[in-house]
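What follows is a short report on a single structure.
The values are calculated or read from the model by the stated rules, or taken from the named source; none is laboratory data. Since the model is a prediction, treat every value here as computed from it, not as a measurement. For neighbour counting, all protein chains shown are included, and Cβ atoms are generated from backbone atoms with ideal geometry for every residue, glycine included.
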Amino acid sequence: MSETVIKVSSFIKRYGNFTAVDGISFEVKKGEIFGLLGPNGAGKTSTLECLEGLRSPDGGIIEIMGVNPSKDNGKLKDLIGVQLQSSALPSAITAKEAMELFSAYHGIKPRYDLLERMGLSDKLNTQYHALSGGGQRRLVLALAAAHKPPVLILDEPTAALDVQSRAELHSMMKELRAEGITILLATHDMAEAEKMSDRIAIMLNGKIVVIGTPKEITAAGSTKTKISVRTFGTSLEEAGGILTDDYYIFFSDNPGSKVMELLNSIESSGDSLVDLRVERPSLEERFLEITSAGGVR
């Protein structure tokens, strides 16, 4: 069994009479990328803020490597690195100065190597405001990882980034995971969550309504698998599919059997297969199914 790094048990957070987080529980293992998803108001931010030691729980247990975030900030600062959704570095600070400042806070030598890995070696003397959006994000991630924390908390790390910058950050996240760093990823980008996360928890109205790997979550939905088939001839004309852009489209609860049925029909008719695509339901489709239904029953 992998080592548990983050433990959340029966966690409750209230604001006056409003319960933002209502008794959720989950664990995150060492070297895991754990996605935390949910619509606005689901309780994600309250959960993250309590894990970061910015707020205190009103019930239950929250621990990062055995440390209570709200009671021992001295230990917590060496255990976590945080990339906030909106960073607030001084506009005139350079990348080099920012690294020196954060490194001094943690009592370590400046990690110029991280700036190089983030593609910022030629931007050391560039002021923060003059960096591109992707450059700013890469700098903040470098600062968060500078002291080699065992846990990284990333809140919308690729929001508003271009395709290349997103790919660079995803690559860096995978490198950090390979080094044994645990990453808690909060994002509204379903494609990002599905691609990057080992496991995912979806929150709704302060509760976790489903938790599992991306494949487990999508497989549990009611959305059927899409099968697209293109042939040289017209052997599938009467097979009940929908013809779209030269492809016959089928939806099935049992894609394996349906594909075999279609292939047998094509072969027995003397037709030839041009292309076959099987697309399982996406995490976004499953997320919309869960949130529109108000949860999982």
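Has the stretch 15-26 got at least one residue that is hydroxyl-bearing (Ser, Thr, Tyr) and farther than 28 Å from residue 288 by Cβ? Scanning the stretch 15-26 turns up no residue that is hydroxyl-bearing (Ser, Thr, Tyr) and farther than 28 Å from residue 288 by Cβ. Are any residues in the stretch 25-55 surrounded by fewer than 20 Cβ atoms within 10 Å (Cβ to Cβ), small (Gly, Ala, Ser) and touching a Lys or Arg at 6+ places or on another chain (Cβ under 8 Å), and if so, which ones? Across the stretch 25-55, the qualifying residue is only 31.
Those residues that are exposed (fewer than 14 other Cβ atoms within 10 Å of the Cβ) and closer than 25 Å to residue 289 by Cβ, I need them from the stretch 220-244; list them, please. Of everything in the stretch 220-244, those that are exposed (fewer than 14 other Cβ atoms within 10 Å of the Cβ) and closer than 25 Å to residue 289 by Cβ turn out to be 222, 240, 242, 244.
What are the residues in the stretch 88-118 that are of a type in the set (Gly, Ala, Ser) and surrounded by fewer than 15 Cβ atoms within 10 Å (Cβ to Cβ), if any?
Of everything in the stretch 88-118, those that are of a type in the set (Gly, Ala, Ser) and surrounded by fewer than 15 Cβ atoms within 10 Å (Cβ to Cβ) turn out to be 88, 91, 92, 104, 107.
When residues in the stretch 123-139 are screened for being within 20 Å of the chain's Cα centre (by Cα) and either without any contact (Cβ under 8 Å) to a residue 12 or more places away in the chain or buried (at least 23 other Cβ atoms within 10 Å of the Cβ) (or both), 3 of them pass.
The requirement of being within 30 Å of residue 10 (Cα to Cα), in the same structural domain as residue 83 (by TED's automatic domain parsing), under 28 Å from the mean Cα position of the chain (by Cα) and surrounded by fewer than 17 Cβ atoms within 10 Å (Cβ to Cβ) is not satisfied by residue 187.
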